[in-house]
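The structure appears below as structure tokens.
The values are calculated or read from the model by the stated rules, or taken from the named source; none is laboratory data. Everything numeric in this text was worked out from a predicted model, so none of it was measured. Here Cβ is always computed from backbone atoms with ideal geometry, including for glycine, and neighbour counts include all displayed protein chains. Accessible surface areas use protein heavy atoms only, side chains included; no ligands, DNA or RNA. Shrake-Rupley method; radii C 1.70, N 1.55, O 1.52, S 1.80 Å.
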Amino acid sequence: MTTGEGGVLTTNDDSIASKARHLRDHAMSKQRRYWHDELGFNYRMTNLQAALGVAQMERIKEFIEKKS
């Protein structure tokens, strides 16, 4: 599946979700503005890319079956 430029991460693990949210925004500290406490990235997608990803998720079972 695709979202154009960018991607999707899904998890049911709260610690992984929290870490991913932190890294996606350049790993900026919540306590100190513009302070990066580790190496992060700019992985925020546009609304159009998110919409494409949502539409693709509606067909995820079909994509998985084709790969199996």
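Summary table below
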{"quantity": "Sparse-neighbour loop sites [chymotrypsin sites (Phe, Trp or Tyr not before Pro); the chain; at most 10 other C-beta within 10 Å; DSSP]", "calculated": "Tyr34, Trp35, Phe41"}
{"quantity": "Kirkwood hydrodynamic radius of the chain, Cα pairs, Å", "calculated": "13.7"}
{"quantity": "Over segment 20-68, relative contact order from alpha-carbon pairs under 8 Å, at least 6 apart, %", "calculated": "27"}
{"quantity": "Peptide ranges 50-56, 9-15 listed from the most packed, as the mean C-beta count within 10 angstrom indicates", "calculated": "50-56, 9-15"}
{"quantity": "Carbon plus sulfur fraction of accessible area for segment 23-68, probe 1.4 Å, in percent", "calculated": "56"}
{"quantity": "222 nm mean residue ellipticity, helices alone, for the chain (DSSP H n ≥ 4; -39,500 (n - 2.57); rounded to 500)", "calculated": "-13000 deg cm²/dmol"}
{"quantity": "All aspartates and glutamates inside 19 Å of Lys30 as judged from Cα atoms, apart from same-chain residues fewer than 8 positions distant", "calculated": "Asp14, Glu38"}
{"quantity": "Where trypsin sites (Lys or Arg not before Pro) in DSSP loops with at most 12 other Cβ within 10 Å are excluded, longest remaining stretch of the chain", "calculated": "1-29"}
